[in-house]
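Here the structure comes first, spelled out in structure tokens, and everything after it is commentary.
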Amino acid sequence: MECEYKWYIIRVDYGYEQNIRELVSNAVYFKEVFIPYQTVCNLKSDIKELCEVYVYMHLCDESKNILNQTPGFFSGESGDFEMISDDEISLKCKEFNRYKWYILRVASNCEEKVRQHILENSMRLSVNGYFKEVFIPYEELSEVELKSKKIATRRKCFPGYVFLYVNLCDEVLNFINNIPKSLKVYGFLKNGNIPKVILDDEIHSMCNALYNAQETKKLGYGYEKGEKVKINDGLFQNFTGKVNMVNDEKKIINVEVSILGKPTIIELDLAQVEKIED
């Protein structure tokens, strides 16, 4: 049977786009994959983002089965595939190709002021359409870190950098060059004499790494690694220690306590510990 290829929109968990790209080389039912701009990763773990991916494929039971077995693929409740015309894809590709990632160098601690200036004044001057995103990579601090700092805050991952996803035309260059000197903008990170383009894959890899680092801090049942707990039952009742690991499946927790002056990890049921409130 001859394959009939058409463009379809599918949805994929953020960070799994590469799995769809690889189908092109591994299966005869998939000819091309186009992944348009997606908002950079939201690092809050309670929000699950989906990316729209456009696939030129032959839709049949076999290709559906391959997708269903591909990590990150989201089939939805109905499992329907939305078809999109060649003309629509062509327009999306042209629009997509106008925008690239660049890094704007600024003074440390001025990043957020520069971001707000760009967002507010680009709209006032009607050049906001050239900016898709003005992004400062942050790492959300864990509860343990927040308690130690006594204030709720985030940590900038790249001090002195503001990431722009922008159509770098003359209007944008003029806008950037006219940012007030008081905001201490030092210009674009350059490759020779021209602003350096940062590849989409590099941005996505950075965001995924930040997201994964954030997730490793969070353990099951609301506990975080390094968090102080009190043992309320068993041989070590009234001992205090720090959380080392939580096993959701077995509902056990490993706690590091000091026994005869020596750090020792003991395994307990989750019911045997309680959080220590400051």
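The values are calculated or read from the model by the stated rules, or taken from the named source; none is laboratory data. A quick note: this is a predicted structure, and the numbers were derived from the prediction, not measured. Methodologically, a virtual Cβ is constructed for each residue, glycine included, from the backbone with ideal geometry; neighbour enumeration extends over all protein chains shown. Side chains included, ligands, DNA and RNA excluded: accessible areas come from the protein's heavy atoms. Shrake-Rupley method; radii C 1.70, N 1.55, O 1.52, S 1.80 Å.
Packing, taken as the mean count of other beta carbons within 10 Å per residue, orders the peptides 98-110, 252-264 from highest to lowest as 98-110, 252-264. For Met123, the solvent-accessible surface with a 1.4 Å probe is about 130 Å², rounded to the nearest 10. Taken one residue at a time, the phi angles of segment 108-120 give Karplus couplings (6.51, -1.76, 1.60, θ = phi - 60°) of 4, 6, 9, 4, 5, 5, 5, 4, 5, 4, 4, 4, 6 Hz. Gly and Pro are set to x.
Using only Cα atoms, what is the ratio of the radius of gyration of segment 154-276 to 2.2 N^0.38 Å?
Ratio of Cα Rg to 2.2 N^0.38 Å: 1.77.
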